[in-house]
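Just below is one structure, and these are the notes that go with it.
The values are calculated or read from the model by the stated rules, or taken from the named source; none is laboratory data. Computed from a prediction, not measured in an experiment: that's the story for all the values here. Please note: Cβ atoms are built from the backbone with ideal geometry, for glycine as well, and neighbour counts cover all protein chains shown.
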């Protein structure tokens, strides 16, 4: 592993930190080292690992207090700064170490009870003055604070090195690690994080105080130092030695499973898997909590998922306890998808998901009985799905959490293959995994996350860069949805996506071209695993006196204002039926559908047809759990109603622009945001289909009757 430390960059980083004179230099040093570690996914991933430094601080009356600054729980090392470290008083930690130093003083069962019942409160009670040191009240001290506090060294770094895990997760892991690292590292058998692990680690250090660090078997690697650089150099040197040992092992040839002659495409397999991995909120309600999918494949991943013994291999467990809370102890394995039998694949996936849920419930019952605590079962939905022939999927309630689980799964696949070349991969037991997954300190990391009402939903909006489309996308995104934006022009899409923030999938699409529409839905399936809600929003107000308008203009208007909605809806239904978990079709119709204006026949006629299209989809696909509803809006500033049109129409009526735009019963201008809120409302109305909602401020002539 390459050593990234650069002394010039280090000094520049320290000089560039804006401090108030109270931030210790040591803290800035550990920030620099932490960021270097965080740049290596093979060392830490997504909030994993922790780092610390010990120093003195002054309290408000001038007393000097020994504290340990430790990275807060769940913070990513890659972007950590000084405000992400929580200062904890050391002296109470060390008194705790003395109290529980031997089993004669306190039994191991007392230690476990303390870890579960009192550990969190103990840490919070001993936080130093948060205000003076600008630490967020929302941050929690790491669950491994005691591990760091029990050692005398100033700087301590702890990673979940995949190389270390590859060697330690073996039946003879201690011997393998010792041969790679020599006698310079102590060895700690697997122990649950917290007081139990801290005591075991402290005992290993006291056995030989000359060591440079510790191997925490089936968990991670710890290095010490009197400077940040010393601890960092020791970490990189140790990992390099571990990697060299792995590289020296001959690559093991894995027997492969027999694959179908033609595989179902990932774009079709993903919605099937996504539709099987749902949680029905109330039995029989057809109202589901859904998950976003993140797909990964590579030659290495394919080698892993194509293993003939994949089911047995994957059930051996997680690479490190840190992964379990996010991705569960084991992934789900489904059969290879046969293109000639997509219905058979769908049935087998649903069967596999049901079996996984049953096995998870058994695992929970056994773990709860063994521990004897009153905890509630988490959802039994897998967070990783392995698919022979295709690759793997990470699942999460957001695109980011799905990507985290996909990262974990991809890294684990590589490490397991390496472990099999070295010997035989072995994880912690189911009982040990349960103790981590249902430990309050670990659950606290995940419970900080609050999801919006559309979390897990994928919303596709056509005309997404325009006024109504962008407002609608924003309204759904603010409520937690993942967004797919379609529009004709890339520059407009880029601006809209930037306004909405990262993670939006923006694709150019001519909705009058069926191939473009199909490609858009395939792109949504590749990125997020499927589609749940569409807002078919594109339209153009072509004009002409109906007895004089050319066939060309009328046909062009029908292509855009009717057939594009049909294409969008058909592609959406195809994906939604693969998912089998329902869906929502939303259409931007127009008041022209019921209240036509003079010389607007080329626009109003296809819009009237679109209104009946809404009703036909409601009629034909309600049995599939797919709802279809529309919006009739009027006088909305957008690409349809431009500033020039507003000016011309208001002058023609002898009105001011304000009077014209508020020419309704409520005498209020209706905005794109009002239309967006109406679309959101219809998406939430789970017992409503075939409805047309008017958003025009009140126009009796346009009211449906």
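Being closer than 13 Å to residue 65 by Cβ and without any contact (Cβ under 8 Å) to a residue 60 or more places away in the chain is the filter here; which residues of segment 82-93 pass it? Even if it seems obvious, please write down each step before you answer.
Narrowing segment 82-93 to residues closer than 13 Å to residue 65 by Cβ: 87-93.
Hits for segment 82-93 are 87, 89, 90, 91, 92, 93.
Per-residue answers, yes or no, for (1) crowded, with 24+ Cβ neighbours inside 10 Å; (2) assigned to a helix (DSSP H, G or I); (3) assigned by TED's automatic domain parsing to the domain that holds residue 38:
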residue	(1), (2), (3)
139	no, no, yes
147	yes, yes, yes
153	no, no, yes
156	yes, no, yes
170	no, no, yes
178	no, yes, yes
187	no, no, yes
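Residue 669 passes all but one of (1) surrounded by 15 or more Cβ atoms within 10 Å (Cβ to Cβ); (2) not in a loop (DSSP other than H, G, I, E, B); which number fails?
Answer for residue 669: the failing condition is (2).
As an exercise: evaluate residue 176 against (1) touching a strand residue (DSSP E or B) at 6+ places or on another chain (Cβ under 8 Å); (2) under 27 Å from residue 244 (Cβ atoms) and give the number of the one condition it does not meet.
With respect to (1) touching a strand residue (DSSP E or B) at 6+ places or on another chain (Cβ under 8 Å); (2) under 27 Å from residue 244 (Cβ atoms), residue 176 is out only on (1).
Residue by residue, here is whether (1) in contact with a helix residue (DSSP H, G or I) (Cβ under 8 Å, 6 or more places away or on another chain); (2) closer than 28 Å to residue 267 by Cβ; (3) in contact (Cβ under 8 Å) with a residue 40 or more places away in the chain holds:
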{"residue": "509", "(1), (2), (3)": "yes, yes, yes"}
{"residue": "515", "(1), (2), (3)": "no, yes, no"}
{"residue": "526", "(1), (2), (3)": "yes, yes, yes"}
{"residue": "529", "(1), (2), (3)": "yes, yes, yes"}
{"residue": "532", "(1), (2), (3)": "yes, yes, yes"}
{"residue": "538", "(1), (2), (3)": "yes, yes, yes"}
{"residue": "541", "(1), (2), (3)": "yes, no, yes"}
{"residue": "548", "(1), (2), (3)": "no, no, no"}
{"residue": "551", "(1), (2), (3)": "no, no, no"}
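Kindly indicate which of 406, 413 is crowded, with 23+ Cβ neighbours inside 10 Å, touching a helix residue (DSSP H, G or I) at 6+ places or on another chain (Cβ under 6 Å) and either in a helix (DSSP H, G or I) or without any contact (Cβ under 8 Å) to a residue 24 or more places away in the chain (or both).
Going through 406, 413 in turn, just one is crowded, with 23+ Cβ neighbours inside 10 Å, touching a helix residue (DSSP H, G or I) at 6+ places or on another chain (Cβ under 6 Å) and either in a helix (DSSP H, G or I) or without any contact (Cβ under 8 Å) to a residue 24 or more places away in the chain (or both): 413.
In segment 581-602, what residues are at pLDDT 95 or above and out of contact with any strand residue (DSSP E or B) (no Cβ under 8 Å at 6 or more places or on another chain)?
none
Report, by residue number, each residue of segment 315-340 that is over 19 Å from residue 305 (Cβ atoms) and outside any helix (DSSP H, G or I). Steps first, please.
In the first step, residues of segment 315-340 are kept if they are over 19 Å from residue 305 (Cβ atoms); the result is 320-322, 324-326, 340.
Result: 320, 340.
Which one is surrounded by the most Cβ atoms within 10 Å (Cβ to Cβ), of the residues in segment 497-536 that are touching a strand residue (DSSP E or B) at 6+ places or on another chain (Cβ under 6 Å) and more than 15 Å from residue 459 (Cα to Cα)?
509
Going by the structure shown, is residue 674 part of a helix (DSSP H, G or I), touching a strand residue (DSSP E or B) at 6+ places or on another chain (Cβ under 7 Å) and assigned by TED's automatic domain parsing to the domain that holds residue 569? Give the steps one after another, and end with the answer.
Values: part of a helix (DSSP H, G or I): yes; touching a strand residue (DSSP E or B) at 6+ places or on another chain (Cβ under 7 Å): yes; assigned by TED's automatic domain parsing to the domain that holds residue 569: yes.
It is true that residue 674 is part of a helix (DSSP H, G or I), touching a strand residue (DSSP E or B) at 6+ places or on another chain (Cβ under 7 Å) and assigned by TED's automatic domain parsing to the domain that holds residue 569.
Name every residue in segment 271-313 that is in a helix (DSSP H, G or I), surrounded by fewer than 17 Cβ atoms within 10 Å (Cβ to Cβ) and out of contact with any strand residue (DSSP E or B) (no Cβ under 7 Å at 6 or more places or on another chain), in order of residue number.
299, 300, 303, 312
Among the residues of segment 232-244, is there at least one that is farther than 25 Å from residue 417 by Cα, surrounded by fewer than 19 Cβ atoms within 10 Å (Cβ to Cβ) and either in contact with a strand residue (DSSP E or B) (Cβ under 8 Å, 6 or more places away or on another chain) or touching a residue at least 12 places away in the same chain (Cβ under 8 Å) (or both)?
Yes.
Yes or no: segment 16-34 includes at least one residue that is assigned to a helix (DSSP H, G or I), modelled with pLDDT under 85 and more than 16 Å from residue 235 (Cα to Cα).
Yes, some residue in segment 16-34 is assigned to a helix (DSSP H, G or I), modelled with pLDDT under 85 and more than 16 Å from residue 235 (Cα to Cα).
Determine whether residue 259 is at pLDDT 95 or above, outside any helix (DSSP H, G or I) and out of contact with any strand residue (DSSP E or B) (no Cβ under 7 Å at 6 or more places or on another chain).
When the stated conditions are applied, residue 259 passes them.
Exactly one of these conditions fails for residue 54: (1) closer than 30 Å to residue 405 by Cα; (2) assigned to a strand (DSSP E or B). Give me its number.
(1)
If I go through segment 354-387 residue by residue, how many of them are part of a helix (DSSP H, G or I) and under 25 Å from residue 302 (Cβ atoms)?
At the first step, the residues of segment 354-387 found to be part of a helix (DSSP H, G or I) are 354-371.
Remaining after also requiring under 25 Å from residue 302 (Cβ atoms): 355-356.
The number of residues fulfilling the criteria is 2.
Looking at segment 314-349 only, could you name the residues that are in contact with a strand residue (DSSP E or B) (Cβ under 8 Å, 6 or more places away or on another chain) and at positive phi?
Taking segment 314-349 and keeping what is in contact with a strand residue (DSSP E or B) (Cβ under 8 Å, 6 or more places away or on another chain), we get 314, 320, 322, 327-328, 331-334, 336-339, 344-345.
328, the sole residue that qualifies.
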